[in-house]
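One structure below.
The values are calculated or read from the model by the stated rules, or taken from the named source; none is laboratory data. Note that the structure is predicted; figures quoted are calculated from it, not measured. In this analysis, Cβ positions are derived from the backbone assuming ideal geometry, glycine residues included, and neighbour counts consider all displayed protein chains. Each accessible area value is taken on the protein alone, full model and side chains, heavy atoms only, with ligands, DNA and RNA left out. Shrake-Rupley method; radii C 1.70, N 1.55, O 1.52, S 1.80 Å.
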Amino acid sequence: MAETRVLPAAGCFGPGAWRATLEASQNALRELGQDANLAAVAHRLARLVPDPEASHHLFWALLGVLVAEGEGHSRVNLEAPAWPEPLARAMGPWAPIRQTLASSSLVGTTGTPLILDGGWLASQRLCAAERSVARAVLARVAQPRRLGTVPDAVLVAPAHLNAEQRSAVALALAAPLALITGRPGTGKTSIVVALLRALQRQPEPLPLERILLAAPTGKAAQRMGEAIRKGLSQLPEPEALDRALLEDGPEPRTLHRTLGYHPALGGFRYSPANPLPADLVVVDEASMIGLELLDALFKALAPGARLVLLGDAEQLPSVDPGNAFRELVASQGSATVTLRQSYRMDPRHPNGRHILMQAERINDPRRSAELWGTDGIHQAATLDSAFGQGGVWLVEPGIPKHRWMQSFLNLWMQTRVWGGLEGRAWRNRVLEPLQADRNGWRPEDRLRAEALLAHFDGFRLLCPVKEGPDLGGVQPINRHLHTLALEAAKSQLEGQPRFLAGEPVVVLANDPRRGLFNGDQGIVLPVRRSEGPPHLEAIFPRGRELVGFPLPTLQDSLEHAYAMTVHKAQGSEFGTVALVLPPAEHPALTREVLYTALTRAREEVLLLGAPSAVDAACARSVTRRSGLLERLEKGSDLLA
C-alpha cells in the first residue's frame with residue numbers, strides 16, 4: 001500500500017505545504033484507482049483563494065467531490081461525508097474543512113464551483129444537470145397527451161403482446177415522456193416494433209425521417225436494430241407500410257452520435273438553439289445513461305417531440321455519475337410501465353429460465369437463500385462437469401488460484417475463442433484477407449466477417465474489476481489470452497504486435513470523426529483494398545453495414561475484448577458468460593453487478609469463485625448519492 005501523508009495541522013501551511021498536500025492526495029487517488037490528475041484540477045481552483053489555510057481546506061473539499069463523482073455520486077452529505085479510507089486518511093479532520101466551506105467565495109447556492117444545497121455539497125456542473133433534468137421531466141409529464149389509437153393488427157403480430165406491453169405501446173404513442181422498464185426477456189423490442197407500426201397507421205402518419213432510434217453504446221444500438229429488423233421480417237403478411245419500415249426505417253445509432261457529439265465543440269451539436277430533427281426519439285438501455293448525457297438529450301429535444309426511454313431499472317447504474325433512469329422510474333408512476341412477464345421464463349427454454357430465475361433471486365434479498373436450493377445455482381467440483389451444461393453453474397477455483405485460472409483460460413481459449421480448433425487452424429481461418437474496394441466488401445467476405453463477429457457474440461468473460469490478483473481482472477485476463485494468441489502465431493510473426501488477426505477489440509474513447517464511440521466492439525482482420533497488399537484493420541458493425549479502419553491509426557484507442565467489465569458489457573448479450581468473482585469482501589461485488597452479469601447470458605453462466613462471494617454480492621447493493629429523485633418529488637417547486 002502506498003504511504004499516505006496527512007494534511008498539515010492548522011497554522012502549518014507554509015511554502016512546502018502544497019507539495020505535501022499534492023503528494024498525499026495523489027497517493028490516495030492511486031490507492032482508489034482514480035486519476036491522479038484530479039488533484040491538479042482541485043489545486044487550480046483552490047489556489048484562487050488567497051488565504052493559505054482556507055485554500056488547503058477547499059482543495060480537499062473539491063477533491064472529495066471529484067472523487068465522489070468518480071464513484072458515481074452527484075453530491076456529498078456534509079453531515080457525514082462518506083470519503084473512502086485512503087482519501088479520509090490523507091484529508092484529516094473534516095470539521096475545519098466544513099467551517100471553511102461556510103464562508104468561502106468558491107461555495108454558494110448558485111454560480112460557484114461548489115454548491116451548498118441544504119445539507120449537501122455538489123459541483124456546480126452536476127447540480128445544474130440535476131436541476132435541468134428534473135425541470136425537463138416535470139414539464140413533459142405536465143403536458144397534455146396526444147390522441148391516438150393503437151390498431152389491433154400491430155398488437156398481435158409479429159408478437160402477440162400481453163396487457164403490460166399493450167399499455168406501454170399506448171403510453172409511448174400518446175405521452176411526451178414514456179418510461180418502460182423490465183428485465184431481459186420481457187419484450188421491450190416488441191413494444192418498439194408495435195409502436196413504429198402504429199405510428200405509420202395514424203390519420204397523420206409520422207414520417208420515418210422524423211423518428212430517431214438510439215442507445216448508449218454501439219453494441220446496444222446494433223442489437224436494437226437487429227431485433228427490430230427480425231421482428232418486422234417475421235410478419236406473416238407485411239403491408240407496404242411494414243416493408244417501408246424494414247427497408248427504409250430509422251437505423252439505431254449511439255446516443256453520442258445522435259446528439260452530434262464533437263470534442264471541438266466541447267459538447268453536442270444539437271441543443272435548445274438547434275434541436276434534433278425528430279418528432280419521436282426512442283432510446284434503449286436507458287439505465288446506462290449518465291446524468292449529464294440525459295440532460296443533453298432533454299435539451300436537444302424539440303418542444304413537441306416525444307421521448308421513449310426503455311431499460312431495466314434493476315441493472316447497474318451508468319458509469320457516469322447519477323442513477324437517473326431508476327430515479328425517473330421511481331418517481332414518475334404516471335409515465336411508467338413496468339414489464340414483469342418474462343418470455344425467457346418459458347419452460348420450453350430451460351437454460352434461459354434457470355438464468356433468469358437466479359437473477360430474480362439475486363435481485364430480492366429475501367430470496368437469496370433460494371440460490372442454493374434444489375433449483376438454484378448448480379455447483380460443480382470441476383470445470384469439466386460444468387462446461388457446456390447450460391443454466392447457472394458455480395465452480396470454486398482450486399489452489400493455487402493463479403495456476404487454476406491459467407488452466408481455465410487455456411481451456412476457454414481452446415473451446416470458445418478458437419471454437420475447438422487448434423491455434424494454428426484458427427489462425428488460418430482469420431488470416432485469409434477480406435477484399436474491399438470503392439464499392440464496398442465482396443459479399444462473401446462481408447458474410448465471413450459477420451460470421452466471425454457473431455462467433456464472439458456467443459461468449460464473453462466478464463469481471464467486476466479491471467485489475468485483480470491471480471488473473472482476477474479484465475486486464476490481466478486479456479494479457480494472458482493475448483499471450484496465448486501470440487504463442488499460437490509465433491511461427492508467422494516478427495516481434496510481438498499489440499493486436500493479432502482474429503482478436504476481439506473494444507473502443508476506449510469517443511471518435512466522432514470515424515463514427516466510433518466508447519464501448520463499440522469489433523474484431524481485427526486482414527483487409528486487401530483494391531490491388532494492394534493486405535493490412536490489419538479493426539472491423540466494426542455499423543447498422544446494416546461493416547466499417548474498417550487501418551489498425552495503426554486506431555490501436556491507441558483500442559483494448560482487447562476477450563474479457564470486459566460488467567459495466568462495459570451492458571447493452572450486450574452473449575450465449576455464454578463466465579463471470580470471474582473477486583473475494584467476498586471486495587466492494588465492487590454487488591447485487592447489481594451479479595444481476596447484470598447473469599442477464600447478459602442467454603444459455604449459460606459460469607460463476608468462477610466461492611459461494612461466499614455470491615452471498616456477499618446479494619447482501620451489498622449499489623448506493624448512489626443523488627439529488628435527482630428528491631428534486632423530482634418536490635415537483636412544482638422546480639417549475640415555479
Q. Taking into account only those residues within region 537-552 that are in contact with a Lys or Arg (Cβ under 9 Å, 6 or more places away or on another chain) and not in a strand (DSSP E or B), which is surrounded by the fewest Cβ atoms within 10 Å (Cβ to Cβ)?
A. Arg544
Q. Of the residues that sit in region 261-288 and are small (Gly, Ala, Ser) and in a strand (DSSP E or B), which one is farthest from the chain's Cα centre (by Cα)?
A. Ser271
(Q) I want to confirm something. Restricting to region 364-379 and keeping residues that are within 27 Å of the chain's Cα centre (by Cα) and in contact (Cβ under 8 Å) with a residue 12 or more places away in the chain, which single residue is nearest to Pro397 (Cα to Cα)? (A) Ile377
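Considering region 221-243 alone, what residues qualify as being touching a helix residue (DSSP H, G or I) at 6+ places or on another chain (Cβ under 8 Å) and not small (Gly, Ala, Ser)? Before you say what the answer is, go through the steps one by one.
Applying the first criterion (touching a helix residue (DSSP H, G or I) at 6+ places or on another chain (Cβ under 8 Å)) to region 221-243 yields 224, 227-229, 231-233, 235, 238, 241-242.
Answer for region 221-243, where residues must be touching a helix residue (DSSP H, G or I) at 6+ places or on another chain (Cβ under 8 Å) and not small (Gly, Ala, Ser): Met224, Ile228, Arg229, Leu232, Leu235, Pro238, Leu241, Asp242.
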Q | Residue within region 609-624 that is open to solvent by 50 Å² or more (accessible area, probe 1.4 Å), closer than 15 Å to Asn363 by Cα and either among the basic types (Lys, Arg) or in a strand (DSSP E or B) (or both) present | A | yes
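Answer yes or no: is there a residue in region 189-205 that is assigned to a loop (DSSP other than H, G, I, E, B), within 30 Å of the chain's Cα centre (by Cα) and crowded, with 18+ Cβ neighbours inside 10 Å. Talk me through it step by step, then tell me what you get.
Residues of region 189-205 assigned to a loop (DSSP other than H, G, I, E, B): 200-205.
Next, from what is left, pick out any that are within 30 Å of the chain's Cα centre (by Cα): none.
No: region 189-205 contains no residue that is assigned to a loop (DSSP other than H, G, I, E, B), within 30 Å of the chain's Cα centre (by Cα) and crowded, with 18+ Cβ neighbours inside 10 Å.
Select from region 289-304 the residues that are part of a loop (DSSP other than H, G, I, E, B) and in contact with a helix residue (DSSP H, G or I) (Cβ under 9 Å, 6 or more places away or on another chain) and write down the one among them that is surrounded by the most Cβ atoms within 10 Å (Cβ to Cβ).
Our first condition is that a residue be part of a loop (DSSP other than H, G, I, E, B); within region 289-304, this holds for 289-290, 301-304.
Subsequent filtering for residues that are in contact with a helix residue (DSSP H, G or I) (Cβ under 9 Å, 6 or more places away or on another chain) retains 289-290, 301.
Numbers: Ile289: 26, Gly290: 21, Leu301: 21.
Filtering region 289-304 for residues that are part of a loop (DSSP other than H, G, I, E, B) and in contact with a helix residue (DSSP H, G or I) (Cβ under 9 Å, 6 or more places away or on another chain), the one surrounded by the most Cβ atoms within 10 Å (Cβ to Cβ) comes out as Ile289.
Condition first: touching a residue at least 60 places away in the same chain (Cβ under 8 Å) and either part of a strand (DSSP E or B) or in contact with a Cys (Cβ under 8 Å, 6 or more places away or on another chain) (or both). Now tell me which residues in region 525-536 satisfy that. Break it down into steps so the answer makes sense when it comes.
The initial filter retains those residues of region 525-536 that are touching a residue at least 60 places away in the same chain (Cβ under 8 Å), namely 525-530, 534.
Result: Leu525, Pro526, Val527, Arg528, Arg529.
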Q: Collect the residues in region 555-566 that are within 22 Å of Gly311 (Cα to Cα) and surrounded by fewer than 22 Cβ atoms within 10 Å (Cβ to Cβ), keeping them in residue-number order.
A: Thr565
Q | Residues of region 55-99 satisfying the condition of being within 33 Å of the chain's Cα centre (by Cα), of a type in the set (Lys, Arg) and not in a loop (DSSP other than H, G, I, E, B) | A | Arg89
(Q) Here are the criteria: (1) farther than 24 Å from Glu467 by Cα; (2) in contact (Cβ under 8 Å) with a residue 12 or more places away in the chain; (3) hydrophobic (A, V, I, L, M, F, W, C). Tell me which single one Ala95 does not satisfy. (A) (2)
